[in-house]
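S.K.: Got a structure for you, written out below as C-alpha cells; questions coming shortly.
What follows is calculated from the coordinates using simple rules that are stated; it is not laboratory data. Please read all numbers here as calculations on a predicted model, not as lab measurements. Here the Cβ positions follow ideal geometry from the backbone for every residue, glycine too, while neighbour counts run over all protein chains shown.
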Amino acid sequence: MNLDYIIKRLRYLRDEQPQDNEEEDLCVCNYYDELIDWLCEKKDVDEKLADIAEKRLELIQRLLAEPKLTIDEWSKKGPCVTVHLEGTEYVGTLEEWKGEE
C-alpha cells in the first residue's frame, strides 16, 4: 500500500464520522486530521529523499563513467598512467612538459 491510498482512506473515514458540534474538541475527525497531516509530511520527506538519492546516483554514475584515468606507479620519467576509454586501456608514462619561454 502506498501513502496516497492510506491518506485517501483516512479522509474517507474522517468524512464518514458523525459530527457532534457541541464537543468539537473531542471529535474523532481531529485524530484523523492529525494522522493525515503526519502522513502528508512523511510523503513529502520521502519524495525529497528519493529525489536527492536519484541525483546522487546520477553523480556517482557520471564519476564512474569512462574516460577514467588511474596513476599506477611512478618511474624515473614520471607517473605511469592508464586511461580507460571505450573499453580499451591505454598505458603510458607522462613526462614533464616545459613550455617554450
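S.K.: Among the listed residues Lys43, Lys48, which satisfies the condition of being within 30 Å of Arg11 (Cβ to Cβ), out of contact with any strand residue (DSSP E or B) (no Cβ under 7 Å at 6 or more places or on another chain) and surrounded by 12 or more Cβ atoms within 10 Å (Cβ to Cβ)? It would help to see each step written out before you state the result.
M.R.: Values: Lys48 fails: surrounded by 12 or more Cβ atoms within 10 Å (Cβ to Cβ).
Among Lys43, Lys48, only Lys43 is within 30 Å of Arg11 (Cβ to Cβ), out of contact with any strand residue (DSSP E or B) (no Cβ under 7 Å at 6 or more places or on another chain) and surrounded by 12 or more Cβ atoms within 10 Å (Cβ to Cβ).
S.K.: Taking Lys55, is it among the basic types (Lys, Arg), closer than 30 Å to Pro18 by Cβ and either assigned to a helix (DSSP H, G or I) or in contact with a strand residue (DSSP E or B) (Cβ under 8 Å, 6 or more places away or on another chain) (or both)? Before the answer, list the steps.
M.R.: Values: among the basic types (Lys, Arg): yes; closer than 30 Å to Pro18 by Cβ: no; either assigned to a helix (DSSP H, G or I) or in contact with a strand residue (DSSP E or B) (Cβ under 8 Å, 6 or more places away or on another chain) (or both): yes.
Against the criterion (among the basic types (Lys, Arg), closer than 30 Å to Pro18 by Cβ and either assigned to a helix (DSSP H, G or I) or in contact with a strand residue (DSSP E or B) (Cβ under 8 Å, 6 or more places away or on another chain) (or both)), Lys55 does not qualify.
S.K.: Quick check on my filter: what residues within the stretch 75-101 are of a type in the set (D, E, K, R) and surrounded by 10 or more Cβ atoms within 10 Å (Cβ to Cβ)? Steps first, answer last, please.
M.R.: Applying the first criterion (of a type in the set (D, E, K, R)) to the stretch 75-101 yields 76-77, 86, 89, 95-96, 98, 100-101.
Of everything in the stretch 75-101, those that are of a type in the set (D, E, K, R) and surrounded by 10 or more Cβ atoms within 10 Å (Cβ to Cβ) turn out to be Lys77, Glu89.
S.K.: Could I ask something else about it? If a residue has to be at negative phi and part of a loop (DSSP other than H, G, I, E, B) to count, how many in the stretch 58-83 make the cut?
M.R.: Number satisfying all stated conditions: 6.
S.K.: Just checking, which of Asp72, Asp37 is within 30 Å of Tyr5 (Cβ to Cβ), acidic (Asp, Glu), out of contact with any Pro (no Cβ under 7 Å at 6 or more places or on another chain) and surrounded by 11 or more Cβ atoms within 10 Å (Cβ to Cβ)?
M.R.: Result of the check over Asp72, Asp37: Asp37.
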